1. Output the residues belonging to region 67-101 that are under 30 Å from Asp137 (Cβ atoms), more than 13 Å from the chain's Cα centre (by Cα) and open to solvent by 80 Å² or more (accessible area, probe 1.4 Å).
2. Restricting to region 107-122, name every residue that is of a type in the set (S, T, N, Q) and part of a helix (DSSP H, G or I).
3. Could you pull out the residue among Asp42, Asp104, Asp65 that is among the acidic types (Asp, Glu), out of contact with any Lys or Arg (no Cβ under 6 Å at 6 or more places or on another chain), part of a helix (DSSP H, G or I) and within 30 Å of Arg177 (Cβ to Cβ)?
4. Every residue in region 123-181 that is in a loop (DSSP other than H, G, I, E, B), open to solvent by less than 100 Å² (accessible area, probe 1.4 Å) and without any contact (Cβ under 8 Å) to a residue 24 or more places away in the chain, please.
5. Check region 10-31 and report whether any residue there is among the hydroxyl-bearing types (Ser, Thr, Tyr) and open to solvent by 60 Å² or more (accessible area, probe 1.4 Å).
Amino acid sequence: EQIRLAEEERIISEIREADKQKFIAEHLQQADEYFKENKYLDAIVEYQQVIGADPFHQQAQIMLDSSNTLLDSEIQRQQNEAIVAAIDKDRAEADQAFVNTHYDQGILFLDQKQYTDALIEFNLARERDPQYQPVLDAIQTTQRRIADEINALVRRARQEFQNQNYSEALRLLSEARLLST
């Protein structure tokens, strides 16, 4: 009877050990696949299953440490990317606000026929966003209006010269010269 009981215990022990080894092999294989696919959290869970079944399994311990390190670095990388994206977004919003402010100020100057000040404002806006079409259009419009204003001043100066009003003709030509610079 004792021999039979001992044999049953040995068989049960062997079955348990075989089940344990099968469990370890399956989870270790699954963990290694997750690790190769860079699914570190899933790999960690599987390696922990192996260690739960065999606390002294060296390969699982080493791979668990590696997975934890790689998961931490991946989390850190993603956080850094999120920070950079947030900074870039804030910078882009600040640049857009700057462009809009100087564009609006340039429009005010343009409406008041202060062409030089308008060009300064538009060029400040263009420095931050060289491809922003409304600013480029505003610069062209301002330059066209300056040319029109210079032509008008020169025509008036000629008329004043013909009327022998030389001081007014000189004043108008001076104004035209200032606008042209």
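The values are calculated or read from the model by the stated rules, or taken from the named source; none is laboratory data. What you are looking at is a predicted structure, and each value in this text was computed from that prediction instead of being measured. Here Cβ is always computed from backbone atoms with ideal geometry, including for glycine, and neighbour counts include all displayed protein chains. All accessible areas refer to the heavy atoms of the entire protein, side chains included, with ligands and DNA or RNA removed. Shrake-Rupley method; radii C 1.70, N 1.55, O 1.52, S 1.80 Å.
1. Thr101
2. Within region 107-122, the first condition is being of a type in the set (S, T, N, Q), and the residues that meet it are 112, 114, 116.
Thr116, the sole residue that qualifies.
3. Values: Asp42 fails: within 30 Å of Arg177 (Cβ to Cβ); Asp65 fails: within 30 Å of Arg177 (Cβ to Cβ).
Only one candidate qualifies: Asp104.
4. Applying the first criterion (in a loop (DSSP other than H, G, I, E, B)) to region 123-181 yields 129-132, 163-165, 181.
Now restrict to residues that are open to solvent by less than 100 Å² (accessible area, probe 1.4 Å): 129-130, 132, 165.
Correct list: Pro130, Asn165.
5. Keep residues of region 10-31 that are among the hydroxyl-bearing types (Ser, Thr, Tyr), which gives 13.
Keeping just the survivors that are open to solvent by 60 Å² or more (accessible area, probe 1.4 Å) gives 13.
So far as region 10-31 goes, yes, one or more of its residues are among the hydroxyl-bearing types (Ser, Thr, Tyr) and open to solvent by 60 Å² or more (accessible area, probe 1.4 Å).
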